[in-house]
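Following: one structure in structure tokens, then a few remarks.
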Amino acid sequence: MSAKEPRDNLPGEVIPRPSDDTSSDGTEVPDQPRPVWAMRLPSVSASIKVEVWSKPSASPAPEDKELAVTIDRSYSDEHETWHEGGPWTIHDLPILQYLLTMAYAQMQLRRTDLPF
């Protein structure tokens with residue numbers, strides 16, 4: 001494995017990137033930006049997902065990319081309807097901390113050229 005390949009054999013659900021541009025029903029999906037890495041873990045009352053995105057940098061070199069993180073919290077209500085957002089509970093914080101640590105490690109792997 002090279003230093004640029006993601007290490008997906010870690011605890012939690014690493015969300016795979018789709019291999020083609022078709023949806024589950026076979027229709028073509030327009031070319032949409034996708035995260036370079038994503039991971040989701042359950043909490044007591046929610047599901048927490050962290051994604052790492054690559055976007056063009058303000059640098060003059062067009063090949064330079066800047067990495068950014070997005071955080072999503074999903075929860076279901078008493079009617080089992082899923083919602084986004086909501087307050088972060090004490091149970092969410094250790095999971096969020098772990099996911100952010102994993103995202104940071106993935107970002108470091110992608111921006112550091114290692115000689116091995």
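Each value in this text was obtained by applying a stated rule to the coordinates, not by laboratory testing. Quantities reported herein were computed from a predicted structural model and do not represent experimental measurements. Here the Cβ is made from the backbone with ideal geometry for all residues, glycine too, and neighbour counts use every protein chain on show.
Spin-label model, V36/V69: points 7 Å from Cα along the beta carbon direction are separated by 1.5 nm.
Between L96 and L109, what is 0.36 nm times their sequence separation minus the Cα-Cα distance? Round to one decimal in nm. Write out the running numbers ahead of the final one.
Values: separation 13, 0.36 × 13 = 4.68 nm, distance 1.99 nm.
Gain on stretching L96 to L109: 2.7 nm.
Once both labels are positioned 7 Å from their Cα atoms along Cα-to-Cβ, the gap between E80 and A58 label points is 4.8 nm.
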